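Data first, discussion second: the structure below is written as structure tokens.
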Amino acid sequence: MNVNDFDFELPEELIAQTPLLDRTSSRLMTLNKDTGAVSHEHFSDIVSHLNAGDTLVLNDTKVMPARLYGIKEETGAKVEMLLLKQMADNDWEVLIKPAKRVTVGTVVSFGEGKLKAVCKELLPQGGRIMTLQFSGILQERLEELGEMPLPPYIKEQLEDQSRYQTVYAKAVGSAAAPTAGLHFTEALLEEIAAKGVNIAYITLHVGLGTFRPVSVEEIEEHDMHSEYYEMSQATADILNRTRQQGGRIITVGTTSTRTLETIASMHPEFTETSGWTDIFIYPGYEFKGIDAMITNFHLPKSTLMMLISSLTTREHVLNAYAQAVKEKYRFFSFGDAMFIY
């Protein structure tokens, strides 16, 4: 299958640069996965699409303030570093800019030495393994010195950093937000629960590999980066009960979807588990863990476009996206939402 099969024209002005004042006021497109039928609503209307006995699955990962600006100790040259994932102890996989300035043994200092990073290993595409040196607790140093790692297509400064976190974010570890969850408020979640819908949480720490462009023509040759996930027994019990009682499992976002599909592909029923997943879902995939999905509008030719096309059809998705462009929906992280059911 060719990557160009998932391309579409997107005017740059439709890329949302800032979040809406009210999280729930974004627009909602619904897409019937069988018929391709589309409707145009607002996100607060999602309640009417959820039934008692359904389970809504949310990713409770929390974005680290993982973008750091420092200098090379030896020369004073400026360096930007983005933490991607913890490897072991204080060794981290990072992205460095400009990468050519950082070779094995290079020491980068942040906040006048409050945090230091020593290059241990070179990786492709500006990647490095860096050993972090700091006193106290790393999260506190990051809160003090770091910035939210907004995607490169967002050019505006984010005044309120909390708007790039879901209201239920808890488990620190992501390099990017699970953005489908940004539409929810605590009040909306309470309204959903009051209708008899179960709310369950998983954790998947989002890495930048999810968003990296597909650089091969044939998508089957694309390699996904691995990301860490966890599911509790409490969540597993809710999901198994939902299945037994005929309810739907509805994931919020591609990250929750990939987590449930990873677990469902390895176990006959959901169970407490954790690990690393590099699952790549594209058309032809047979879903085992979910029935429906809430997601944002994605980049052309991205693995996320391929995933949502798997839940319905590529033709239905491209038709829906053509309507979204025509109706001037907002795209990407701070954009509008789609419910595929």
Q: Place +1 on the Cβ of every Lys and Arg and -1 on the Cβ of every Asp and Glu in the chain, take the dipole about the Cα centre, and give the residue among VAL167, THR273, GLY113 whose Cα lies farthest towards its positive end.
A: GLY113
**Q.** Most mobile of MET306, MET224, MET293 in a GNM of the chain (Cα contacts under 10 Å)
**A.** MET224
Q: Largest first and in whole Å, give the semi-axes of the range 59-169's equivalent ellipsoid, each being the square root of 5 times a Cα gyration tensor eigenvalue.
A: 23, 15, 14
(Q) Please compute, over every Cα-Cα pair in the range 188-341, the percentage with a separation greater than 20 angstrom. (A) 52
Q: Using Cα pairs closer than 8 Å and at least 6 residues apart in sequence, work out the relative contact order for the chain, in percent.
A: 26
Q: Could you pull out the GluC sites (Glu not before Pro) across the range 6-42 that fall in loop regions by DSSP (anything but H, G, I, E, B) with no more than 14 other Cβ atoms inside 10 Å?
A: GLU9
Q | Antiparallel DSSP beta bridges within the range 67-147, percent to nearest 5 | A | 100
Q | Reachable lysines from LYS326, criterion Cα separation under 20 angstrom, eight or more residues apart if same chain | A | LYS301
Q.
Starting from 0.36 nm per residue, how many nanometres of slack lie between LYS170 and GLU13 once their C-alpha separation is accounted for?
A. 53.2 nm
**Q.** Whole-number percent relative contact order across the range 67-147, with pairs defined as alpha carbons under 8 Å at least 6 apart
**A.** 27
Q. Tell me, what is the FRET efficiency for THR103 and GLU186 to the nearest 0.05, using R0 = 41 angstrom and their Cβ-Cβ distance as r?
A. 0.30
Q) Using alpha-carbon positions, what is the distance between the centroids of the range 240-291 and the range 44-88, in Å? A) 21
Q) What are the principal axis extents of the Cα atoms in the chain, in Å, biggest first? A) 62, 43, 41
Q) What lysines could a cross-link reach from LYS195, if we take a straight Cα to Cα line under 19 Å and drop same-chain neighbours fewer than 8 places away? A) none
Q.
Probe radius 1.4 Å, ligands and nucleic acids left out: which of TRP92, TRP276 has the largest accessible area, and how do the rest follow?
A. TRP276, TRP92
Q.
Please report the antiparallel percentage of the DSSP beta bridges confined to the chain, to the nearest 5.
A. 70
Q.
If the reach is capped at under 24 angstrom between alpha carbons, list the lysines near LYS85, excluding any in the same chain fewer than eight residues apart.
A. LYS62, LYS72, LYS97, LYS100, LYS114, LYS116, LYS120, LYS170
Q. What spacing in nm lies between the two simple spin-label points modelled at SER135 and ASN51, each 7 Å away from Cα in the Cβ direction?
A. 6.1
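The values are calculated or read from the model by the stated rules, or taken from the named source; none is laboratory data. Bear in mind the structure is a predicted one, so any value in this text is a computation, not a measurement. Because the Cβ atoms are built from the backbone with ideal geometry, glycine has one as well, and the counts that use them run over all protein chains shown. Remember, those area values only see protein heavy atoms, side chains included, never the ligands or the DNA or RNA. Shrake-Rupley method; radii C 1.70, N 1.55, O 1.52, S 1.80 Å.
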